[in-house]
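The values are calculated or read from the model by the stated rules, or taken from the named source; none is laboratory data. All of these numbers come straight from a predicted model, not from anything done at the bench. In this analysis, Cβ positions are derived from the backbone assuming ideal geometry, glycine residues included, and neighbour counts consider all displayed protein chains. The accessibility values were calculated without ligands, DNA or RNA, using every heavy atom of the protein model including side chains. Shrake-Rupley method; radii C 1.70, N 1.55, O 1.52, S 1.80 Å.
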Amino acid sequence: MQQFFADPSWIQGNNIYIEGADVNHMKNVLRMKPGEDVRVSDGGGKTYLCCVSAYEEKRAVLDILKALDSDTELPSRIVLFQGLPKGDKMEWIIQKAVELGAYSVVPFAAKRSVVKLDEKKAVKKQLRWQMIAKGAAEQSGRSIIPEVKNVLTFADALDVSKELDVLLIPYELEEDMKETARIIDAIRPGQSVGIFIGPEGGFEEEEVELAKSAGAYPVSLGKRILRTETAGLTVLSVLMYKFEIA
């Protein structure tokens, strides 16, 4: 079933009024007609089963049929700190990270990042990435839209991570998978987790040392070297499995 997000102010009594670009998507792309059912989340954890009632000039009118039990969020906040990759890889990374349950994504410029964004380009990219997060959240039935932060420096990203309980930094020079398993096994539902992923070429040793001084655990992801677009999603998958069966 198609899902949309609605600003809480759009929920009035037994109706939800959808505004903006989603109206055109519903009416002209999906060709949804009055009487069709749709899920709507307020972005704060509440989800409703609705049916399309009518289309007005600039909005769609939905009737609320019932509130739904929304249990699609992980019991822990997982933040993906992603070193800027080349090309459009970040779009794919954000999409899949949202599907796997990431709470937010923080792009950062590492020393080996090839991509260099000035302030204007960074703002434009962030807006594009946020729209991708919204679409992925709708597709995967999330009850929130994970936030994609503005591009930070590595030092600023480490500063942001101080509020999290556990920090992991996959590093190709780490080899002890048993220690990695021990660290991940020790994470408890409810604890917030930050995952630091380097760009193509990985982290420089100095960056890993800075992360360690901030409390991050260097971990191994196995005997093979994973691409930047694979490494973060691997950790997210492991954590999703861990928390879903807890």
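Couple of notes before you dig in:
- q = 0.11, 0.16, 0.18, 0.20 Å⁻¹: log10 I(q)/I(0) that the Debye formula gives for region 83-156, counting C-alpha atoms only: -0.25, -0.53, -0.66, -0.80
- Of the residues Lys125, Lys96, ranked by 1.4 Å probe accessible area with the largest first, the sequence reads Lys125, Lys96.
- The tail of the calculated P(r) for region 1-135, taken as Cα-Cα distances beyond 25 Å, holds 40 percent of the pairs.
- Average projection area in nm² (convex hull over Cα atoms of region 167-232, one quarter of hull surface): 4.5 nm²
- Shape class of region 74-216 from the Cα gyration tensor (axes a ≥ b ≥ c, square roots of the eigenvalues): oblate, since a/c reaches 1.5 or more and a/b does not exceed b/c.
- Student exercise, the chain dipole from Lys, Arg, Asp, Glu Cβ charges, in Debye to nearest 20: 560 debye
- Computed about the Cα centre, the dipole magnitude for region 51-115 is approximately 580 debye when only Lys and Arg (+1) and Asp and Glu (-1) carry charge, each at its Cβ.
- Taking the centroid of alpha carbons for each part, region 19-46 and region 47-94 are 11 Å apart.
- Comparing Cα centroids, region 163-211 and region 111-154 end up 22 angstrom apart.
- Percent accessible area from carbon and sulfur atoms, region 206-246, protein chains only, probe 1.4 Å: 55 percent
- Over 31 Å between alpha carbons, listed pairs Lys33/Lys120; Lys66/Lys162; Lys149/Lys242; Lys33/Lys66; Lys116/Lys242: Lys33/Lys120; Lys66/Lys162; Lys116/Lys242
- Dmax and Rg, reported as Rg then Dmax, of the chain (C-alpha, Å): 19.9, 61
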